[in-house]
Structure formats: structure tokens, C-alpha cells
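Undergrad: Dumping the structure here so I can ask a few things about it.
Derivation of every value follows stated rules applied to the coordinates shown; laboratory data play no part. What you are looking at is a predicted structure, and each value in this text was computed from that prediction instead of being measured. Note that each Cβ is placed from the backbone with ideal geometry, even for glycine, and that neighbours are counted across all protein chains shown.
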Amino acid sequence: MRSKPLGFTLIELLITLGLLAALTALFAPSLLTAGQGVSLTTHAKDLQSLLNGGRSLAMIHQQSVFVCGASPAVADASPAPEPCDTHGEWGHGLHVVLDSNGNQAPDVDDSIQLFQPPYPGHTTLIWKGFRGKHHIEFLAEGITNWQNGRFTFCTRHQVSQGLEVVLNAAGRSYIGPLTSPCSS
């Protein structure tokens, strides 16, 4: 009498591997974009926390605090003449700057209180606000001196995704879906 072989035959093993490969090909793109959505939410919450921190610092110190894109020299670890990027770029990280000299503008005499490192290369951050300034100013009362606007987080992959962090004139922020499509 023959005993039953234990294990899989070669045909059964090949069929199983083929099914696994097909399932991986079907679900891998959706798993990749799901992970990006989570990271965008994390980035948006981090930015909202940074804005709240800047607002709180302004009220605690009773002086203006600026939130701005870090100077490109900061990303290179070389001495920066200014704490903020003069062109309004936000891709080199973010600074929260205390207006130490009280001149109502971020400059080399002011102290950087908080720093947010740059976002990963696949994520872009764009600030569109009113009054044409490249930075946000929180006054001692915690308001933004009528600088309401929105930060747009976008990711570049097969399907463009994004979130917005909206800042109102009262200095409060909230996270919401995109109101305009991400530009490539």
C-alpha cells in the first residue's frame, strides 16, 4: 500500500504563486496611494500644530511671530542671512520666528523658535494668502493681521492627491479637502 505524499505538487505550487502574483499586481497601487494619503494627513496635522505653536508664542511673548518658508541656506546648513526665504518658497522647511527687534518683519536679528524640516520630495507645499506677503504674521493677540489663506499639500504619483490647511484671519486653522486641483 502506497502512502499519501505530504506537501504540494509542483503544479499546485505554481498555481498558488501565480495567484499571489496576480493579487499583488491588483492591490499594490491602491496600497501605495493609501500610504500617501496617510502621510499627507500627517503632514497637514504637523503644519497645523506648527501654526498653533506660532500663534501661542505670539500670545505668550506679546509680540509678533512669523511663520515662513526656511531660507535655502538653512537646508545646506550654511549661515543664513535671513530666517525666511525671500521668494516665498516653502520647500526648504518651515520656520517660526519671534520678532525680537519689533520691526514687524522677519530678519537676521530675529530668533528662530521652531523648525519643521522639508517634506519628502514627492510632497509639495504651496502657500496662497492675501496681502501678498511671503510669510504669515501672528500678532500679540493671536490674530493674523488679516492674512487668511491656504496651504496646499500635493503629492506627485500616478494619481495626484492633496489636502489643504486653511488659516483664517483670527489665526485659527483647519484641515480640509482640496478646493482646486493640484498642479503638476
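Undergrad: Assuming 0.36 nm per residue, please report the length gained on full extension of the stretch A169 to T41 beyond their Cα-Cα distance. Can you show the working numbers first?
TA: Values: separation 128, 0.36 × 128 = 46.08 nm, distance 2.30 nm.
Length gained between A169 and T41: 43.8 nm.
Undergrad: Residues with amide H under 5 Å of L94's amide H, sequence separation 5 or more or different chain, H placed in the peptide plane at 1.01 Å from N; which?
TA: Amide H to amide H, under 5 Å and 5 or more residues apart or across chains, L94 pairs with A70, Q116.
Undergrad: Taking the convex hull of the Cα atoms, report for segment 118-167 its projected area averaged over all directions, in nm².
TA: With the hull built on Cα positions only, its mean projection is 4.1 nm².
Undergrad: Please work out the FRET efficiency for the pair L10 and L114, using the Cβ-Cβ distance as r and a Förster radius of 45 Å; give the result to the nearest 0.05. The partial results should precede the final answer.
TA: Details: r = 61 Å, r/R0 = 1.35.
After rounding to 0.05, the efficiency reads 0.15.
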